[in-house]
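Nothing in this text is a laboratory measurement; each read-out follows from the coordinates by a stated rule. Everything numeric here is computed off the predicted structure, so don't read it as measured data. Neighbour counts run over all protein chains shown; Cβ positions are idealised from the backbone, glycine included.
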Amino acid sequence: MSTLAGKTALITGASRHNGIGTAIARALATEGADTCLAYFRPYDGAQAWADDLGPAINDVLREIADLGVRAVGFEVDLSKPSGAADLFDKARSAFGTIDILVNNAAYSAHDGIDRLDAAGLDAHYAVNLRATALLIAEFVRHFDRAEGGRIINMTSGQGAGPMPDELAYAATKGAIDALTVSLAPALAGRGITVNAVDPGVTDTGWIGEDLRQSLVEAAPTGRLGEPDDAARLVAFLASDDAGWITGQIIRSRGGA
């Protein structure tokens, strides 16, 4: 039997063929979970490495459905105060109880101290921290099982070294680590685990050739992370086998 058969998962930030969110959706669906994807094309489409997002989303949903599970997708602007509640309402309408929440959506822009301003801080906070916290609140309020709830937050390398050119991003992702650690004991008695995954540098299409070469040369394993590396870890944390693991920031970085 698939390890997640009968479970339902909500994954944010899943819109591109080679993104981490999509790889997570595939991994959970392969294990039997019905899967709800959330995406926001205006942000994704503005990135230099964007897919043709309309076909990409449709392709991903078809691929997941072909694995024998239910698959739905919703476009939601998580930067809006109402975005998290709107998304969760849609997911519950599709599947009822949500068992697994993966907070993968993120806003990222280079700043550095000379460009740091209120607008940039607010943009990062709205998606990276506020939407994550509000989605968790919705998940907890509507979780109606005795155990087996899973919250998995995607974090970043701010705890492994400085990120001087991404100050707002590092600050908000650092807050995710703190939120994860504090939520875990608060939710343990409700049968919900809370963990965060730092996948390290992951090749999702954004890395230019010169940067790729330097990163590979510096990597202890001689390669960069792939979306499936993160996805396999998330699938494990979502499973019953990970029921004793909570409050952890897992740095799955290939030794970096």
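Let me check I've understood the local charge: for LEU67, count other residues with C-beta under 12 angstrom from its C-beta, Lys and Arg +1, Asp and Glu -1. What total comes out?
Around LEU67, the charge tally is -1.
Report the gain in length on full extension from ILE113 to GLU75: 0.36 nm times residue separation, minus Cα-Cα distance, nm rounded to one decimal.
10.4 nm
So what is the 222 nm mean residue ellipticity for the chain from helices alone, if each DSSP H run of at least 4 adds -39500 (n - 2.57) and you divide by all residues, rounding to the nearest 500 deg cm²/dmol?
-12500 deg cm²/dmol
Need the list of lysines near LYS80 for cross-linking: C-alpha distance under 22 angstrom, and skip anything on the same chain fewer than eight residues off.
LYS90, LYS173
Put a dot 7 Å past each Cα toward the Cβ at ILE245 and ASP228; how far apart are the dots in nm?
Spacing of the two 7 Å Cα→Cβ label points: 1.9 nm.
When only DSSP loop residues count, what trypsin sites (Lys or Arg not before Pro) in region 143-226 have their Cβ near at most 15 other Cβ atoms within 10 Å?
When the trypsin sites (Lys or Arg not before Pro) of region 143-226 are filtered for loop state and at most 15 Cβ neighbours within 10 Å, ARG145, ARG190, ARG223 remain.
Give the value in nm², to one decimal: projected area of the alpha carbon convex hull of the chain, averaged over all directions.
Projected over every direction and averaged, the Cα hull of the chain covers 13.2 nm².
Return the equivalent ellipsoid semi-axes of region 28-172 as a descending list in whole Å, where each equals the square root of 5 times an eigenvalue of the C-alpha gyration tensor.
Numbers: eigenvalues 160, 71, 41 Å².
In descending order, the three semi-axes are 28, 19, 14 Å.
In a Gaussian network model over the chain where Cα atoms closer than 10 Å are linked, find which of LEU237, LEU224, LEU129 has the largest mean-square fluctuation.
Fluctuation is largest for LEU224.
Any idea which of GLY157, HIS124, ALA242 is furthest toward the positive side of the dipole for region 8-251, if Lys and Arg beta-carbons carry +1 and Asp and Glu beta-carbons -1?
ALA242
Please arrange LEU215, LEU183, LEU116, LEU28 by how many other C-beta atoms lie within 10 Å of their C-beta, fewest to most.
Least crowded to most crowded, the residues run LEU116, LEU215, LEU183, LEU28.
Pulled fully out, how much extra length does the chain show between ALA65 and ALA160, if you take 0.36 nm times their separation in residues and subtract their Cα-Cα distance? The partial results should precede the final answer.
Values: separation 95, 0.36 × 95 = 34.20 nm, distance 3.72 nm.
Full-extension gain reported as 30.5 nm.
Specify the residue with the greatest mean-square fluctuation among ASP228, ASP210, ASP77, computed from a Gaussian network of the chain linking alpha-carbon atoms under 10 Å apart.
Result: ASP210 has the largest fluctuation of those listed.
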